[in-house]
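Written below as structure tokens is the structure these notes are about.
The values are calculated or read from the model by the stated rules, or taken from the named source; none is laboratory data. Just so it is clear, the structure is predicted and the values come from calculations on it, not from any experiment. Here the Cβ is made from the backbone with ideal geometry for all residues, glycine too, and neighbour counts use every protein chain on show.
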Amino acid sequence: MCGIAGIIAPDEQLVRKALPPMMDAQAHRGPDERDSTYLRFGNVSLGFGHLRLKIIDLSSSAHQPMIHSQTGDQIIFNGEIYNFQVLRRELEASGIRFRGHGDTETLLHALTEWALKRPSPACRECLPSPITSRRASGWCWRATRSE
């Protein structure tokens, strides 16, 4: 199973210093890829790290943190969505185009299309996931990036 790490603090240097050891402590959970993102939101800094164990989509299209190409929304995700193919087909029917074949990309598009725009029965059991968005409304845990 993949590993994720996150930190929120007012001091950006603290965030940048603290995140790598957090990721190192769980390196065994994601031996295939490792990456992180640092964001500033108002007076706080966020750091998210992801250690990937390739299971469903073995390609680089499933690299995390994953960034939505049109909205700039970002996500890190650890878990498995058992019905992601059903959700993916519904999203494709509404015109969404996918780069890869994994459940994280499906979740990112589902949150962007349904949870952040409008509630959907398909997302009623989605758990909050670390996602950042430039938009100001939605029910998932996220923050609005200050430009």
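The residues of region 51-95 that are within 26 Å of P31 (Cα to Cα) and among the β-branched types (V, I, T), listed by number, are I55, I56, I67, I75, I76, I81.
Can you spot a residue in region 40-53 that is in contact with a strand residue (DSSP E or B) (Cβ under 8 Å, 6 or more places away or on another chain) and among the hydroxyl-bearing types (S, T, Y)? Checked against the condition, which is being in contact with a strand residue (DSSP E or B) (Cβ under 8 Å, 6 or more places away or on another chain) and among the hydroxyl-bearing types (S, T, Y), region 40-53 yields at least one hit.
Please indicate, with yes or no, whether at least one residue in region 137-145 is at pLDDT below 90, part of a loop (DSSP other than H, G, I, E, B) and of a type in the set (A, V, I, L, M).
For region 137-145, residues at pLDDT below 90, part of a loop (DSSP other than H, G, I, E, B) and of a type in the set (A, V, I, L, M): present.
Set side by side, the residues A25, A5, A18 differ, and just one is surrounded by 17 or more Cβ atoms within 10 Å (Cβ to Cβ) and at pLDDT 90 or above, which is A5. When the residues of region 46-64 are filtered to those that are of a type outside the set (A, V, I, L, M, F, W, C) and more than 20 Å from R97 (Cβ to Cβ), the one that is surrounded by the fewest Cβ atoms within 10 Å (Cβ to Cβ) is K54.
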